[in-house]
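This report concerns only the one structure given below.
The values are calculated or read from the model by the stated rules, or taken from the named source; none is laboratory data. Please read these numbers as outputs of a predicted model, since none were measured by experiment. Virtual Cβ from ideal backbone geometry, glycine too; neighbours counted across all protein chains shown. These accessible areas exclude ligands, DNA and RNA; they are computed on the full protein's heavy atoms, side chains included. Shrake-Rupley method; radii C 1.70, N 1.55, O 1.52, S 1.80 Å.
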Amino acid sequence: MKIEELIKGCCKNKLSAQAKVYQIFSDKLFAICLKYSRNYQDAEDILQDSFLTIFKKIDTYKNKGSFEGWLKRITINTALQKYREKTTLEIVEEVPDEENQENEQAENLKDDALDLDVLLNLIQQLPDKYRLVFNLYVLDNYSHKEIAELLNISEGTSKSNLSRARAILKQKVVNYQAK
């Protein structure tokens, strides 16, 4: 069955079409949920809420851009909404652009490859405000301007939070590799 047919079925609230969409995309979307949550249970909650939103709003998908990209955007927005419901973002003072410093730090990391699960776990340990910016910028390719709009912070704060997230993550990787 083609995606277009599944989308039409979902628009008509056909459970078989919804189940198939879930089956096809749940693993990829769950990986996104894990990136934005503190733990497995929170990620499951985000995934469930994401699919509720997806099936509620599926008739708004207009076949422009990829369907998977549309699903990912809803999932990320759901994760951010969950975060906003729990807490408000703390504003972090802006710091000068440290991008060159960050690049040097990244080059100094050991070349030892980390297991993806270990890296995900280290990212999940970041403070919320840093984890969100890190994931949006590094893993999901949002610009600082887009992040600032999504999180209601300044672009400078986004850059500062990214810099601090990278520094914390670097230290966590070094500590892990030293074990």
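Laid out as a table, the results:
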| quantity | calculated |
| --- | --- |
| Environment charge at Gly69 (Cβ cut-off 12 Å; Lys +1, Arg +1, Asp -1, Glu -1) | +2 |
| Full-extension gain in nm, Tyr61 to Asn13, via 0.36 nm per residue minus C-alpha separation | 15.8 nm |
| ³J(HN,Hα) computed for each position of the range 32-45 - Karplus, 6.51 cos²θ - 1.76 cosθ + 1.60, integer Hz, glycine/proline x | 5, 4, 4, 4, 9, 10, 7, 7, 4, 5, 4, 5, 4, 4 |
| Computed accessible area, Leu15, all protein chains, 1.4 angstrom probe, square angstrom | 130 Å² |
| Taking the convex hull of Cα positions in the range 127-179, its mean projected area over all directions (nm²) | 3.4 nm² |
| Gain in span if fully extended, Asp115 to Lys86, counting 0.36 nm per residue against the direct Cα distance | 7.4 nm |
| Neighbour net charge for Arg131 - beta-carbon separation under 9 angstrom, K R +1, D E -1 | +2 |
